[in-house]
Every structure is written in C-alpha cells, then in structure tokens.
1. Hey, which aspartates and glutamates would be in cross-link range of Lys173, C-alpha to C-alpha under 18 Å, not counting anything within fewer than 8 residues on its own chain?
2. For the pair Val126/Asn101, report the inter-label distance in nm, with labels modelled 7 Å from Cα in the Cβ direction.
3. At 0.36 nm per residue, and after removing the present C-alpha to C-alpha distance, how many nm does the segment from His88 to Asp115 gain when stretched out fully?
4. Evaluate the relative contact order of the range 1-151 (contact order divided by residue number), counting alpha-carbon pairs under 8 angstrom at least 6 apart; express in whole percent.
5. For a test of the definition: using alpha carbon positions, the gyration tensor, and the 1.5 limit on a/c, classify the range 80-179 as rounded, prolate or oblate.
6. Using only the alpha-carbon atoms, what does the chain span along each of its principal axes? Please give whole angstrom values in decreasing order.
7. Just to be sure I follow the rule: in the range 59-134, considering lysines 8 or more places apart or on different chains, how many pairs have Cα atoms under 16 Å apart?
8. Taking the Cα-to-Cβ direction at Phe178 and at Lys19 and moving 7 Å from each Cα, how far apart do the two end points lie in nm?
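Just so you know, all these numbers are worked out from the coordinates, no wet-lab data involved. The model shown is predicted, which means the values in this text are computed figures rather than measured ones. Glycine also receives a Cβ, built like all others from the backbone with ideal geometry; neighbour counts cover every protein chain displayed.
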Amino acid sequence: MTEYIAFLKAINVGGHTVKMDHLKKLFEKMGFESVETFIASGNVVFETKSKSMDTIKRKIETELEKSLGYKVATFIRSTEELKEISEHKPFKESDLANRQNYLYIGFLDNQPNKDSQKKVSELSDVANEFHFNKTELYWLCRKNFRDSGITGKTLEKVLGMETTIRNSTTIRKMAARFC
C-alpha cells in the first residue's frame, strides 16, 4: 500500500461546508484505507494499492462531485513528495524566519509553462514574491493574506490552471506527522 495526500479545493470555503468525518467516510466508500483528515480544510491522507495518481485523482473528483454536488479539484501527492515540498526553501532564511511573513504553497496538476511562470513573477511586488518548484508554487507574502492584493483566483487566472493553496505551517505539520 502506498500513502498519499489529497489536497482538495473548495472544502469549507466559499459556502461549501463538509464535515471531516463525512469526508473520511466518502474516501472509505471509494475503497481507500487508513483514511485520516488533517484540519478542516480538505487535506485527506489515505492508503491505496493504486500507483496511478491520475487514476486516483479522477476517482476522487468524480465521486466527490456526485456526493457533494459540486466540482472539487483534487491535487495528489505521495508522502515522499510532501516531505520534499515541506523542506524546500525557495526564499532567504531571514524572510522565512520573519514572523510578519507568511509562506503559502499552491498545489498544481502540472508544472506551468515558462510564459505562465513569467506572468506570475510579474505579480511580485514589495509584499508578494513567487517561486516555482516542479508542480508547486511557493508564495512569500509579507502581509496578511487578505491585504496582499493577490487571491487564489488571481493566481489561477494568470496561471491558466487550478490551484489550491495551503499555509506552509500546515504542510510542515503534515510532513512531521505522516512522513
């Protein structure tokens, strides 16, 4: 069995509320094992014999849309990938250590092309700085998220693809617990 994490978009935001015990039962109904949710923002850890992340992703998205009545973009990572993501340090240590700064990680299905990466980089300013590593977008926000002038929807529009964003603190806690 391989352990994966599903990062779900649109769970407990935008008027969509899903109890974590219900979400866990939905994943168990799909045939996944050792299912655990991590905080109430759509992070689900599970085991499966399947090795195809594309197959797992399609299965989850199809079943959640049937069960919840709306599309739930799903981003799958292995626990090994989660460990790498949590350890990646794309910005200066002084920026990462500054308590007034926040590091967010956007999960993507594919590595964006150079044009999309350039467009995101052009959003950089005094408050926001971006870095890509494989299929993740690292966003150093030197303000409160709400005051940054950037939203997930802004990033999706510029990228031309969906993303779901998590605080790096959440990712580090998940890596410490599951990797």
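1. Glu3, Glu36, Glu80, Glu81, Glu84, Glu87, Glu136
2. Here the modelled spin labels are 1.6 nm apart.
3. 7.4 nm
4. 20
5. oblate
6. Each principal axis gives a Cα extent; for the chain these are 47, 31, 29 Å.
7. Lysine pairs meeting the criterion: 5.
8. Each label point is offset 7 Å from its Cα along the Cβ direction, giving 2.2 nm.
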